[in-house]
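A quick write-up on the structure given underneath.
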């Protein structure tokens with residue numbers, strides 16, 4: 001369904017499981033950043049009422065996920081550390097930094113950018129759900145995998161609503177190719193995209 005070109009090595013879950021405080025802290029901030037991105041889309045494109053409605057719901061859902069991850073951190077006697085840089089997301093963002101794009105093109109780029117982050121997060125949550133021994137966390141990541149799949153689909157459908165679907169598919173396929181080059185550098189650290 002996700003059509004990611006390069007799957008995550010399941011051994012990455014072992015790295016994550018050995019440093020639960022790190023993976024949970026990174027995950028918490030990923031959820032917070034997802035909520036912030038949804039709010040940013042509302043601020044930047046308020047003239048799209050359906051986008052505003054969907055992003056308002058998404059921001060609430062992502063902050064609920066943040067809260068739940070924070071509860072896991074506290075329950076395990078761990079500490080929410082400071083925000084981590086997400087080099088994967090930063091490198092992915094560079095792909096879209098082309099000057100002179102129209103407002104419409106900027107909207108489609110932002111929707112595809114969000115779709116890709118949700119797709120990779122979904123895939124990483126699946127790997128965690130299938131490969132970590134902690135049954136409670138495994139079930140949680142399985143639940144979030146399904147949620148992220150819905151977010152990924154929503155962003156792609158919105159892009160196709162606001163732009164020619166064939167053009168969106170073309171851009172998405174090019175982005176999938178580019179993302180595979182980026183993600184090949186990661187998978188060695190306890191971070192959702194690490």
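Just so you know, all these numbers are worked out from the coordinates, no wet-lab data involved. Model, not experiment: these values are computed from the prediction. Using ideal geometry, Cβ is built from the backbone for each residue, glycine included, and neighbour counts are taken over all protein chains shown.
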(request) Mind listing whichever residues of the stretch 35-62 are buried (at least 19 other Cβ atoms within 10 Å of the Cβ) and under 27 Å from residue 133 (Cα atoms)? (result) 62
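Those residues that are in contact with a helix residue (DSSP H, G or I) (Cβ under 7 Å, 6 or more places away or on another chain), in contact (Cβ under 8 Å) with a residue 24 or more places away in the chain and in a helix (DSSP H, G or I), I need them from the stretch 40-50; list them, please. I'd like the intermediate steps shown before the answer.
Quick first cut of the stretch 40-50, residues in contact with a helix residue (DSSP H, G or I) (Cβ under 7 Å, 6 or more places away or on another chain) only: 41-42, 45-46.
With in contact (Cβ under 8 Å) with a residue 24 or more places away in the chain added as a condition, the list becomes 41, 45.
Within the stretch 40-50, 41 is the sole residue that qualifies.
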(request) Report the residue count in the stretch 1-39 for those that are in contact (Cβ under 8 Å) with a residue 24 or more places away in the chain and either assigned to a helix (DSSP H, G or I) or in contact with a strand residue (DSSP E or B) (Cβ under 8 Å, 6 or more places away or on another chain) (or both). (result) 25
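Check every one of the helices (runs of 4 or more DSSP H) wholly within the stretch 84-194 and list those with 1 or more residues that are touching a helix residue (DSSP H, G or I) at 6+ places or on another chain (Cβ under 6 Å), free of Cβ contacts under 8 Å to residues at least 60 places away in the same chain and within 28 Å of residue 70 (Cα to Cα).
Numbers: elements: 87-94, 103-131, 135-162, 165-183.
The qualifying helices (runs of 4 or more DSSP H) are 103-131, 135-162.
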(message) Given the criteria over 18 Å from residue 147 (Cα atoms), part of a loop (DSSP other than H, G, I, E, B), touching a residue at least 12 places away in the same chain (Cβ under 8 Å) and more than 20 Å from the chain's Cα centre (by Cα), does residue 79 qualify?
(response) yes
